[in-house]
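Reviewing the structure listed below.
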Amino acid sequence: MPATGDGRAPGAAGLPGAHDGAPVGHARSRVTTGPASAAPPIPHPRSRAAHASHPSHISDPGGPAADGPADGAPLRLLVIEDDASDAQLIKAAVADSGTSIEIHWARGLDQATELLAPPVNWARRGRSRTPEFGCVLLDLAAPADLPHPTDSSDGLEGLHELLRRAPHTPVVVLTDAAGAELGAAAVAAGAQDFLLKHETDGPLLARALRYAVERKRADESQRRLVEAELRGQENARLQRHLLPTPLLDGAGLSFTRRYRPGRRRALLGGDFYDAVRTDDGAVHVVIGDVCGHGPDEAALGVALRIAWRTLVFAGLTGETLLTTLQHVLEHERRSDEIFATLCMLVIEPGGPGSGLDSLGTGERARLYLAGHPAPLLLGRDHEPITLPADLAGPALGLLPCHDGQSAWPAHEVELRAGWRLLLYTDGLIEGRVGAGSRRLGQDGLADLIGDHQSAGLTRGRLIDSAIAEVEELNGGALTDDVAVLLLERNPVQLILG
């Protein structure tokens, strides 16, 4: 692309803004091939005749072309170049590239920024936002328009400022033959490629722009992937810390739990559980289920669990605790339709003189049900038994607390030596059995657990195998949240599974 002897490219006098300081126009170039010296002067931006007479033309940023290109539209290229002869050489190279490129010109970064950012009142005028530029071609010699220039210059001030103002737009820089090292430094600083001005022809320019767009797209995809992974890791850490750590020191119990949220890529669902031992030696266990499966329900489940533990350590129990917990639910839920089912068990401490050496004797427990499935009692010498649910009250949040129907009376349970209790949420029993509409149900779960016990499975292996068979019967993963607790009287040290 040789310049003429006087240092000006042919037709440079017709370049908008080349000699009068007026705002630089922009050119839409559906170009045809031809020699650079034959490139006609760029027509007036609003010249309809020019649009029709030659495929390379300038479009007004507020005109119809700015409403957004259709599929297959040309690449929108913003050229930041203050030298008229160099700008004309770029135009000639675009014309010679055989590629559909829409050129927009700017003398410096301030003018380029106005084109990179749509007007504030653009949407209020009822017009769609101007499509973003596909690429920026920056002459490193163009004015950087820096508000606070520094004495220490590496020649990349303009690039640094452009990347700050338009971080998501691919950039190709132009430099002279002596600035190859500067071009490489520009790539290291964030540009996608660099070109030497007087060694660049049309095909090379088109290829560099195309590769720059693809590199930037790949970089942006990688950045979004890394951000998503970091967010996922942070959410996982947060959710993991929101799961409870049972406080059962000195209780002489083994406590095995499994928790599977129904939402994909989540560690926390609307189900919740907890277990604590108070100073009087009583063991308090809870498992509950907030209706729904989203993050709001998961957050409400965490709030209820923390409130339950706080109320237990404050000395509340039974219906008083459940009434207070319903008040918490009513204040924390996002709508009046949200409710929560709950199962609470209070295992009384042994009699005088009883300790870890005599924990195999019979015990008593109080069972409270608020619309929740009753636990299974797994004896060593009988099939699993579903505890009675005839005294169950309504789910929390269904009825006002002052209503007489919102009572949760206790059911007294005798626990013989070697007892084991399986508490669970309804996600475990609502899976289908086969291709029909039949559900597993509580009786089906009792039979299933009995079969796995007969096979010699205990603790974690018992729960895992049971969940696996429930999913197999369902024909796939369960869509509801699932929480399962296995609490066992064990005269040895506490075991958490």
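The table that follows gives values for the structure above.
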item	result
Count of the range 338-349 residues which are of a type outside the set (A, V, I, L, M, F, W, C) and modelled with pLDDT of 95 or more	1
Any hit, the range 57-74, residues being of a type in the set (Ser, Thr, Tyr) and modelled with pLDDT under 50	yes
Residues satisfying the stated conditions in the range 272-308, i.e. among the charged types (D, E, K, R), open to solvent by 10 Å² or more (accessible area, probe 1.4 Å) and either modelled with pLDDT of 95 or more or over 23 Å from Ala477 (Cβ atoms) (or both)	Arg277, Asp279, Asp280, Asp289, Arg305
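The values are calculated or read from the model by the stated rules, or taken from the named source; none is laboratory data. Note that this is a predicted model, so its numbers are computed, not measured. For neighbour counting, all protein chains shown are included, and Cβ atoms are generated from backbone atoms with ideal geometry for every residue, glycine included. With ligands, DNA and RNA removed, areas are computed over all heavy atoms of the protein, side chains included. Shrake-Rupley method; radii C 1.70, N 1.55, O 1.52, S 1.80 Å.
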